[in-house]
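Undergrad: First the structure, then my questions, so here it is.
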Amino acid sequence: MNRKKFLSNLTFAGIGISSIGITACGNQSKKNTTSSSSKVPFFKISLAQWSINKMIKNGDISPYDFARLGKKWGFEGLEFVNTLYDDVMKASNKSLALKKFIVQNNQLANQYDIKNLLIMIDEEGDLSSEDKNTRLLAIENHKPWVEAASEMGCHSIRVNLNGNVKKVESWKTLSKESLSTLSDYASTYNINIIVENHGGYSSNADLLIGVINDVNKNNCGTLPDFGNFCISGKWGAGNVGCIEEYDRYLGVKKLMSKAFAVSAKSYDFSLEGDEITIDYDKMLSIVKEANYSGYIGVEYEGSILTEEAGTIATRDLLIKYA
(Lines give C-alpha, C1' and ligand atoms only; values in the text may rest on other atoms or scores of the structure.)
Protein backbone atom coordinates (compact mmCIF):
# COMPACT_ATOMS: atom_id res chain seq x y z
CA MET A 1 0.00 0.00 0.00
CA ASN A 2 1.43 3.39 -0.94
CA ARG A 3 1.89 6.19 1.58
CA LYS A 4 -0.97 8.31 0.29
CA LYS A 5 -3.47 5.45 0.52
CA PHE A 6 -2.15 4.40 3.92
CA LEU A 7 -2.55 7.90 5.34
CA SER A 8 -6.03 8.23 3.88
CA ASN A 9 -7.12 4.92 5.38
CA LEU A 10 -5.48 5.75 8.70
CA THR A 11 -7.26 9.10 8.83
CA PHE A 12 -10.73 7.74 8.11
CA ALA A 13 -10.19 4.88 10.53
CA GLY A 14 -9.87 7.47 13.28
CA ILE A 15 -13.02 9.43 12.47
CA GLY A 16 -15.25 7.50 14.82
CA ILE A 17 -12.82 7.60 17.74
CA SER A 18 -12.13 11.33 17.43
CA SER A 19 -15.77 12.22 16.95
CA ILE A 20 -16.59 10.43 20.19
CA GLY A 21 -13.87 12.45 21.88
CA ILE A 22 -15.28 15.75 20.65
CA THR A 23 -18.81 14.87 21.75
CA ALA A 24 -17.69 13.78 25.20
CA CYS A 25 -15.56 16.90 25.66
CA GLY A 26 -18.49 19.07 24.64
CA ASN A 27 -20.65 17.42 27.33
CA GLN A 28 -23.20 16.52 24.68
CA SER A 29 -23.06 12.86 25.62
CA LYS A 30 -21.86 10.83 28.57
CA LYS A 31 -21.67 7.64 26.56
CA ASN A 32 -18.58 6.02 25.08
CA THR A 33 -16.22 8.02 27.28
CA THR A 34 -12.68 6.69 27.53
CA SER A 35 -9.53 7.75 29.34
CA SER A 36 -8.49 9.85 26.33
CA SER A 37 -11.88 11.46 25.67
CA SER A 38 -12.30 12.43 29.34
CA LYS A 39 -9.47 14.93 29.04
CA VAL A 40 -11.16 18.19 28.11
CA PRO A 41 -9.21 20.24 25.52
CA PHE A 42 -8.37 23.82 26.48
CA PHE A 43 -9.76 24.99 23.14
CA LYS A 44 -12.62 24.39 20.71
CA ILE A 45 -12.08 23.32 17.10
CA SER A 46 -13.36 25.23 14.09
CA LEU A 47 -13.05 24.70 10.35
CA ALA A 48 -11.46 27.27 8.04
CA GLN A 49 -13.25 27.25 4.71
CA TRP A 50 -9.94 27.44 2.85
CA SER A 51 -9.50 23.76 3.73
CA ILE A 52 -12.11 22.95 1.07
CA ASN A 53 -11.27 25.67 -1.45
CA LYS A 54 -10.30 23.20 -4.19
CA MET A 55 -13.59 21.33 -3.99
CA ILE A 56 -15.46 24.62 -4.20
CA LYS A 57 -13.38 26.03 -7.05
CA ASN A 58 -13.65 22.76 -8.99
CA GLY A 59 -17.42 22.82 -8.63
CA ASP A 60 -17.55 19.59 -6.63
CA ILE A 61 -19.45 21.32 -3.85
CA SER A 62 -21.10 24.68 -3.23
CA PRO A 63 -19.59 27.12 -0.75
CA TYR A 64 -22.95 26.83 0.98
CA ASP A 65 -22.14 23.19 1.80
CA PHE A 66 -19.69 24.57 4.38
CA ALA A 67 -21.94 24.25 7.43
CA ARG A 68 -23.06 20.74 6.47
CA LEU A 69 -19.50 19.48 6.06
CA GLY A 70 -18.29 21.26 9.18
CA LYS A 71 -20.95 19.53 11.24
CA LYS A 72 -20.39 16.17 9.53
CA TRP A 73 -16.67 16.28 10.27
CA GLY A 74 -17.11 17.13 13.94
CA PHE A 75 -16.36 20.86 14.07
CA GLU A 76 -17.99 23.37 16.39
CA GLY A 77 -17.43 26.61 14.45
CA LEU A 78 -16.99 28.01 10.94
CA GLU A 79 -14.42 30.45 9.52
CA PHE A 80 -15.63 31.79 6.19
CA VAL A 81 -13.53 32.96 3.21
CA ASN A 82 -15.23 35.72 1.22
CA THR A 83 -13.49 35.00 -2.10
CA LEU A 84 -15.03 31.52 -2.29
CA TYR A 85 -18.45 33.11 -2.82
CA ASP A 86 -18.59 34.11 -6.48
CA ASP A 87 -22.27 34.96 -6.07
CA VAL A 88 -21.18 37.83 -3.83
CA MET A 89 -17.76 38.83 -5.15
CA LYS A 90 -18.84 38.89 -8.80
CA ALA A 91 -22.35 40.21 -8.28
CA SER A 92 -23.53 43.29 -10.18
CA ASN A 93 -25.40 44.31 -7.02
CA LYS A 94 -22.99 43.30 -4.27
CA SER A 95 -25.08 44.81 -1.48
CA LEU A 96 -28.10 42.66 -2.38
CA ALA A 97 -25.93 39.58 -2.87
CA LEU A 98 -24.35 40.09 0.54
CA LYS A 99 -27.76 40.25 2.19
CA LYS A 100 -28.67 36.90 0.64
CA PHE A 101 -25.30 35.51 1.75
CA ILE A 102 -26.05 36.52 5.35
CA VAL A 103 -29.56 35.05 5.39
CA GLN A 104 -28.51 31.76 3.81
CA ASN A 105 -25.51 31.20 6.07
CA ASN A 106 -27.51 32.05 9.18
CA GLN A 107 -30.15 29.53 8.17
CA LEU A 108 -27.50 26.88 7.56
CA ALA A 109 -25.76 27.55 10.89
CA ASN A 110 -29.10 27.10 12.67
CA GLN A 111 -29.96 24.00 10.65
CA TYR A 112 -26.70 22.25 11.45
CA ASP A 113 -26.29 23.70 14.96
CA ILE A 114 -22.85 25.13 14.29
CA LYS A 115 -21.46 28.58 15.10
CA ASN A 116 -20.38 31.29 12.65
CA LEU A 117 -17.09 32.66 13.99
CA LEU A 118 -15.31 34.92 11.53
CA ILE A 119 -14.95 35.93 7.90
CA MET A 120 -11.55 36.02 6.22
CA ILE A 121 -11.45 38.95 3.81
CA ASP A 122 -9.30 38.92 0.67
CA GLU A 123 -9.31 40.89 -2.59
CA GLU A 124 -11.05 43.93 -1.14
CA GLY A 125 -8.14 46.33 -1.52
CA ASP A 126 -4.75 47.16 -0.03
CA LEU A 127 -5.09 48.58 3.49
CA SER A 128 -1.43 49.66 3.55
CA SER A 129 -1.24 51.20 0.08
CA GLU A 130 0.75 54.41 -0.31
CA ASP A 131 -1.97 55.68 -2.62
CA LYS A 132 -4.48 57.38 -0.33
CA ASN A 133 -7.50 56.82 -2.58
CA THR A 134 -6.66 53.12 -2.92
CA ARG A 135 -6.31 52.79 0.82
CA LEU A 136 -9.53 54.64 1.60
CA LEU A 137 -11.42 52.53 -0.94
CA ALA A 138 -10.06 49.39 0.70
CA ILE A 139 -11.39 50.56 4.05
CA GLU A 140 -14.82 51.21 2.55
CA ASN A 141 -14.80 47.80 0.85
CA HIS A 142 -14.21 46.09 4.20
CA LYS A 143 -17.06 47.85 6.00
CA PRO A 144 -19.91 45.77 4.49
CA TRP A 145 -18.09 42.63 5.66
CA VAL A 146 -17.97 44.06 9.18
CA GLU A 147 -21.74 44.49 9.02
CA ALA A 148 -22.18 41.00 7.57
CA ALA A 149 -20.06 39.44 10.30
CA SER A 150 -22.15 41.21 12.92
CA GLU A 151 -25.43 39.98 11.45
CA MET A 152 -24.06 36.44 11.27
CA GLY A 153 -23.05 36.40 14.93
CA CYS A 154 -19.30 36.31 14.15
CA HIS A 155 -16.74 37.85 16.48
CA SER A 156 -14.24 39.08 13.85
CA ILE A 157 -13.20 39.69 10.30
CA ARG A 158 -9.65 38.85 9.26
CA VAL A 159 -7.86 41.47 7.13
CA ASN A 160 -4.52 41.48 5.30
CA LEU A 161 -1.52 43.77 5.76
CA ASN A 162 1.06 42.01 3.59
CA GLY A 163 1.67 45.30 1.80
CA ASN A 164 3.44 46.31 -1.40
CA VAL A 165 5.17 49.23 0.28
CA LYS A 166 8.98 49.19 -0.01
CA LYS A 167 9.74 51.18 3.13
CA VAL A 168 8.78 49.44 6.36
CA GLU A 169 8.14 52.72 8.19
CA SER A 170 5.56 53.70 5.57
CA TRP A 171 3.92 50.29 5.93
CA LYS A 172 3.72 50.74 9.69
CA THR A 173 2.19 54.21 9.48
CA LEU A 174 -0.35 53.38 6.78
CA SER A 175 -1.31 50.06 8.35
CA LYS A 176 -1.97 51.72 11.69
CA GLU A 177 -4.12 54.39 10.06
CA SER A 178 -6.27 51.82 8.27
CA LEU A 179 -6.57 49.51 11.27
CA SER A 180 -7.53 52.36 13.56
CA THR A 181 -10.23 53.62 11.21
CA LEU A 182 -11.63 50.15 10.54
CA SER A 183 -11.49 49.14 14.21
CA ASP A 184 -13.41 52.25 15.24
CA TYR A 185 -16.07 51.45 12.67
CA ALA A 186 -16.22 47.78 13.70
CA SER A 187 -16.53 48.62 17.40
CA THR A 188 -20.06 49.92 16.81
CA TYR A 189 -20.95 46.46 15.48
CA ASN A 190 -19.14 44.56 18.27
CA ILE A 191 -16.72 43.11 15.71
CA ASN A 192 -12.97 42.63 16.05
CA ILE A 193 -10.49 43.46 13.28
CA ILE A 194 -7.80 40.80 13.30
CA VAL A 195 -4.66 40.52 11.18
CA GLU A 196 -3.13 37.23 10.12
CA ASN A 197 0.55 36.70 9.40
CA HIS A 198 -0.13 36.37 5.68
CA GLY A 199 2.98 37.25 3.73
CA GLY A 200 5.30 40.24 3.37
CA TYR A 201 5.74 42.51 6.38
CA SER A 202 2.77 40.87 8.14
CA SER A 203 4.73 37.61 8.40
CA ASN A 204 7.37 39.37 10.50
CA ALA A 205 5.87 38.91 13.96
CA ASP A 206 7.89 41.77 15.47
CA LEU A 207 6.55 44.24 12.92
CA LEU A 208 2.97 43.00 13.05
CA ILE A 209 2.64 42.91 16.83
CA GLY A 210 4.28 46.34 16.95
CA VAL A 211 1.57 47.75 14.67
CA ILE A 212 -1.22 46.09 16.67
CA ASN A 213 0.18 47.39 19.96
CA ASP A 214 0.50 50.91 18.55
CA VAL A 215 -3.11 50.86 17.35
CA ASN A 216 -3.96 49.94 20.93
CA LYS A 217 -7.66 49.23 20.52
CA ASN A 218 -9.58 46.53 22.37
CA ASN A 219 -11.08 45.14 19.16
CA CYS A 220 -7.87 45.08 17.10
CA GLY A 221 -5.73 41.95 17.31
CA THR A 222 -4.14 39.02 15.54
CA LEU A 223 -4.90 35.65 14.01
CA PRO A 224 -1.66 33.66 14.41
CA ASP A 225 -1.23 31.06 11.66
CA PHE A 226 1.13 28.13 12.31
CA GLY A 227 2.54 28.24 8.79
CA ASN A 228 2.53 31.68 7.13
CA PHE A 229 5.89 33.08 8.18
CA CYS A 230 7.60 33.62 4.82
CA ILE A 231 8.82 37.21 4.75
CA SER A 232 10.32 37.26 1.26
CA GLY A 233 10.31 35.08 -1.83
CA LYS A 234 7.66 32.70 -3.08
CA TRP A 235 5.41 31.40 -0.36
CA GLY A 236 2.43 29.17 -0.08
CA ALA A 237 2.02 25.48 0.72
CA GLY A 238 4.84 24.64 3.08
CA ASN A 239 6.61 27.91 2.23
CA VAL A 240 8.44 26.11 -0.58
CA GLY A 241 10.63 28.66 -2.36
CA CYS A 242 10.71 31.03 0.60
CA ILE A 243 13.93 33.08 0.80
CA GLU A 244 13.57 34.47 4.31
CA GLU A 245 11.33 32.94 6.95
CA TYR A 246 10.50 34.15 10.45
CA ASP A 247 10.77 31.45 13.13
CA ARG A 248 7.25 30.08 13.29
CA TYR A 249 7.31 29.12 16.97
CA LEU A 250 8.66 32.47 18.08
CA GLY A 251 6.22 34.17 15.73
CA VAL A 252 3.16 32.40 17.12
CA LYS A 253 4.36 33.09 20.68
CA LYS A 254 4.61 36.83 20.00
CA LEU A 255 1.31 37.07 18.13
CA MET A 256 -0.61 35.14 20.80
CA SER A 257 -0.53 38.17 23.11
CA LYS A 258 -3.24 39.79 20.94
CA ALA A 259 -4.91 36.69 19.45
CA PHE A 260 -8.67 36.53 18.89
CA ALA A 261 -8.35 33.32 16.84
CA VAL A 262 -5.69 30.76 15.91
CA SER A 263 -5.13 28.96 12.59
CA ALA A 264 -3.77 25.40 12.67
CA LYS A 265 -2.14 25.19 9.24
CA SER A 266 -1.18 21.77 7.90
CA TYR A 267 0.39 20.41 4.72
CA ASP A 268 1.40 16.75 5.01
CA PHE A 269 1.53 13.98 7.58
CA SER A 270 3.84 11.19 8.71
CA LEU A 271 2.64 7.62 8.98
CA GLU A 272 2.08 8.28 12.67
CA GLY A 273 -0.31 11.14 11.83
CA ASP A 274 1.98 14.03 12.81
CA GLU A 275 2.42 17.11 10.61
CA ILE A 276 5.86 16.76 9.01
CA THR A 277 6.76 20.48 8.91
CA ILE A 278 5.10 21.80 12.08
CA ASP A 279 5.53 20.46 15.61
CA TYR A 280 1.92 20.54 16.82
CA ASP A 281 2.84 19.51 20.35
CA LYS A 282 5.13 22.53 20.60
CA MET A 283 2.63 24.86 18.92
CA LEU A 284 -0.23 23.90 21.20
CA SER A 285 2.02 24.32 24.23
CA ILE A 286 2.72 27.88 23.07
CA VAL A 287 -0.99 28.56 22.56
CA LYS A 288 -1.87 27.12 25.98
CA GLU A 289 0.87 29.09 27.74
CA ALA A 290 -0.74 32.25 26.37
CA ASN A 291 -3.90 31.32 28.31
CA TYR A 292 -5.86 31.07 25.08
CA SER A 293 -9.10 29.10 25.35
CA GLY A 294 -10.95 30.09 22.17
CA TYR A 295 -11.29 28.31 18.85
CA ILE A 296 -8.42 26.85 16.85
CA GLY A 297 -9.29 26.66 13.17
CA VAL A 298 -8.16 23.76 10.98
CA GLU A 299 -6.70 24.99 7.69
CA TYR A 300 -5.42 22.14 5.54
CA GLU A 301 -3.37 23.25 2.52
CA GLY A 302 -1.73 19.99 1.45
CA SER A 303 -1.81 18.14 -1.84
CA ILE A 304 -1.06 14.54 -0.80
CA LEU A 305 -4.32 13.79 0.97
CA THR A 306 -7.74 14.83 -0.27
CA GLU A 307 -9.14 17.95 1.32
CA GLU A 308 -11.53 15.87 3.40
CA ALA A 309 -8.86 13.44 4.61
CA GLY A 310 -6.34 16.21 5.28
CA THR A 311 -8.88 18.27 7.19
CA ILE A 312 -9.85 15.33 9.39
CA ALA A 313 -6.18 14.39 9.90
CA THR A 314 -5.50 17.92 11.14
CA ARG A 315 -8.52 17.83 13.42
CA ASP A 316 -7.33 14.51 14.86
CA LEU A 317 -3.83 15.93 15.37
CA LEU A 318 -5.22 18.80 17.43
CA ILE A 319 -7.16 16.33 19.54
CA LYS A 320 -4.06 14.16 19.94
CA TYR A 321 -2.08 16.96 21.58
CA ALA A 322 -5.00 18.78 23.22
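The values are calculated or read from the model by the stated rules, or taken from the named source; none is laboratory data. Just so we're clear, the structure is a prediction, and the values are computed from it rather than from any experiment. For neighbour counting, all protein chains shown are included, and Cβ atoms are generated from backbone atoms with ideal geometry for every residue, glycine included. All accessible areas refer to the heavy atoms of the entire protein, side chains included, with ligands and DNA or RNA removed. Shrake-Rupley method; radii C 1.70, N 1.55, O 1.52, S 1.80 Å.
Undergrad: Trypsin sites (Lys or Arg not before Pro), restricted to segment 136-230: which are DSSP loop and have at most 11 other Cβ atoms within 10 Å?
TA: On the way: sites: Arg158, Lys166, Lys167, Lys172, Lys176, Lys217; in loops: Lys166, Lys167, Lys217.
Qualifying residues, ordered by number: Lys166, Lys167.
Undergrad: Quick check: the angle from helix 15-25's long axis to the longest principal axis of the chain, C-alpha only, nearest 10 degrees?
TA: 70
Undergrad: What is the mean projected area of the alpha carbon convex hull for the chain, to one decimal in square nanometres?
TA: 16.4
Undergrad: Rounded, prolate or oblate for segment 66-119? Axes are the square roots of the Cα gyration tensor eigenvalues, ordered a ≥ b ≥ c, and the cut-off for rounded is a/c under 1.5.
TA: Prolate shape, in that a/c is at least 1.5 and a/b is the bigger ratio.
Undergrad: Going highest first, how would you order 186-195, 307-316 by mean Cβ packing within 10 Å?
TA: 307-316, 186-195
Undergrad: Here's a follow-up. Which distance in Å, rounded to a whole number, links the C-alpha centroids of segment 74-99 and segment 241-300?
TA: 27
Undergrad: For segment 99-170, just say rounded, prolate or oblate: build the C-alpha gyration tensor, square-root its eigenvalues into a ≥ b ≥ c, call rounded for a/c under 1.5, and beyond that prolate if a/b exceeds b/c, oblate if not.
TA: Prolate is the answer for segment 99-170, as a/c is 1.5 or above and a/b outweighs b/c.
Undergrad: Sort segment 194-322 into rounded, prolate or oblate with this rule: let a ≥ b ≥ c be the square roots of the eigenvalues of the Cα gyration tensor; rounded if a/c is under 1.5, and if a/c is not under 1.5, prolate when a/b is larger than b/c, oblate otherwise.
TA: Working: a/c = 2.10, a/b = 1.35, b/c = 1.56.
It is oblate, given that a/c is not under 1.5 and a/b is not larger than b/c.
Undergrad: Which order do the peptides 70-76, 116-122, 130-136 take when ranked by the mean count of other beta-carbon atoms within 10 Å per residue, highest first?
TA: Averaged packing, sorted descending, gives the order 116-122, 70-76, 130-136.
Undergrad: With everything on Cα atoms, drop me the angle between helix 168-187 and the longest principal axis of the chain, reported from 0 to 90° to the nearest 10.
TA: For helix 168-187, the angle is close to 80 degrees.
Undergrad: On to the next question. Whole-Hz ³J(HN,Hα) for each residue in segment 305-320, computed from phi via Karplus 6.51 cos²θ - 1.76 cosθ + 1.60 with θ = phi - 60°, x for glycine and proline: what do you get?
TA: Result, ordered by residue: 8, 5, 4, 5, 5, x, 5, 5, 4, 5, 4, 5, 5, 4, 5, 4 Hz.
Undergrad: Which entries in the list Lys44/Lys99; Lys166/Lys217; Lys172/Lys217 go over 18 Å, if you measure between the two C-alpha atoms of each?
TA: Among Lys44/Lys99; Lys166/Lys217; Lys172/Lys217, the Cα-Cα distance tops 18 Å for Lys44/Lys99; Lys166/Lys217.
Undergrad: Mind pulling the angle between the C-alpha long axis of helix 3-13 and the longest principal axis of the chain? Nearest 10 degrees, somewhere in 0 to 90.
TA: 80
Undergrad: Charges at C-beta only: +1 for Lys and Arg, -1 for Asp and Glu. How large is the resulting dipole of segment 166-322 about its Cα centre, in Debye rounded to 20?
TA: Values: 15 positive and 22 negative charges, 124 e Å.
My answer is approximately 600 debye.
Undergrad: While we're on this one: Can you pull the accessible area of Phe260 for me, 1.4 Å probe, Å² to the nearest 10?
TA: Around 70 Å² of this residue is reachable by solvent.
Undergrad: How would you order 44-55, 284-295 from highest to lowest mean count of nearby Cβ atoms within 10 Å?
TA: Highest mean packing first, the order is 44-55, 284-295.
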